[in-house]
Structure formats: C-alpha cells, structure tokens
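Since the structure comes first, as structure tokens, the remarks are kept for the end.
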C-alpha cells in the first residue's frame, strides 16, 4: 500500500493582489490526513503555508498565525481531491514595488495514521512538495497593501 499525494499550487496575479490556491489529490491506495492549514479556506491564508522567493530572496510570511488546535485534519480518501480557496497574499508577504522573478511552492505534511485526529504527537508525517510556480510580478501597489496591514 503506497501513500501518494499530488500537491498543486495555482498562482494568479490579479489587479493589485496575488491569489494562491492549493489542491491536493490522493493518488494512492489508502486514506491520507492533511493538516488543514495547507489547504486554506476563506479570503486570506491561515498560516505560513507557502514558500515565496523573489529575485532569489525568501519573502517571509508576516500574517496572522491561527492556532487551529488538536484534530484539525482533512481525511482524503483514495482518488479524492481537496481544493483550497484562492487566498490573497500581498498583505501577508512583503513583495516590494518593481519587477521581480518570483517562485511559489508549498510543502504539505500528511500522515496515513487515522489517530492523528485525536493526538498528532504520535503519528509519522510525510512531506510532499508541490509544483513550483515561477512568474514575473510587476505591481507598485503590493507594498502598499502589505504596509496597510502592518
């Protein structure tokens, strides 16, 4: 029995923001449990789920870190896909004005152990890296959006 997880990051620069969504699909034969922070729901990220680099420099997450507590995992059955919402990230990642070559990806922690929903201290986790999205950003308003929220 193999655990196989496909992790896909979609990035869309639109107007004065950058929108990111994460999709995960269980391509294996057994159920997987994914920490909900990696598949954001709502308008903004619930944690520092993304790795963002612009011009070779890591852009630190500066948003709110929600404590979701024990047992916050999605169960994803074989063949099932869980899709996150497109969340706005310009307010939480300080992308300076100007033209940048940026890359976005995420590392999703998951487990095959169902007891994780009751006690995640006793489960073995696996790290699955998503695709890397490379794009050019050129918007003078990203920094304004970030500074307005910090």
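Coordinate-derived values only; no laboratory data. All figures in this text were calculated on a predicted structure; none of them were measured in a lab.
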Can you give the calculated 222 nm mean residue ellipticity of the chain, where each DSSP H run of n ≥ 4 adds -39,500 (n - 2.57) and the sum is split over every residue, rounded to the nearest 500 deg cm²/dmol?
-1000 deg cm²/dmol
Please pull out the direction-averaged projected area of the chain, using the convex hull of its alpha-carbon atoms, in nm² to one decimal place.
8.8
Which one of 126, 66, 86 has the biggest mean-square fluctuation once the chain is modelled by GNM with Cα springs under 10 Å?
66
Full-extension gain between residue 125 and residue 60, please, as 0.36 nm times their residue separation minus the C-alpha to C-alpha distance.
21.0 nm
Give me D for segment 1-64 in µm² s⁻¹, whole number, from Stokes-Einstein with Rh from the Kirkwood sum over alpha-carbon pairs, 10 °C and 1.306 mPa s.
115
Enter the mean projected area of the convex hull around the alpha-carbon atoms of segment 83-126, in nm², rounded to one decimal.
5.3
Taking 0.36 nm per residue of separation between residue 8 and residue 135 and subtracting their Cα-Cα distance, the length gained on full extension comes to 44.2 nm
State, as an integer percentage, the relative contact order of the chain based on alpha-carbon contacts under 8 Å between residues 6 or more apart.
30
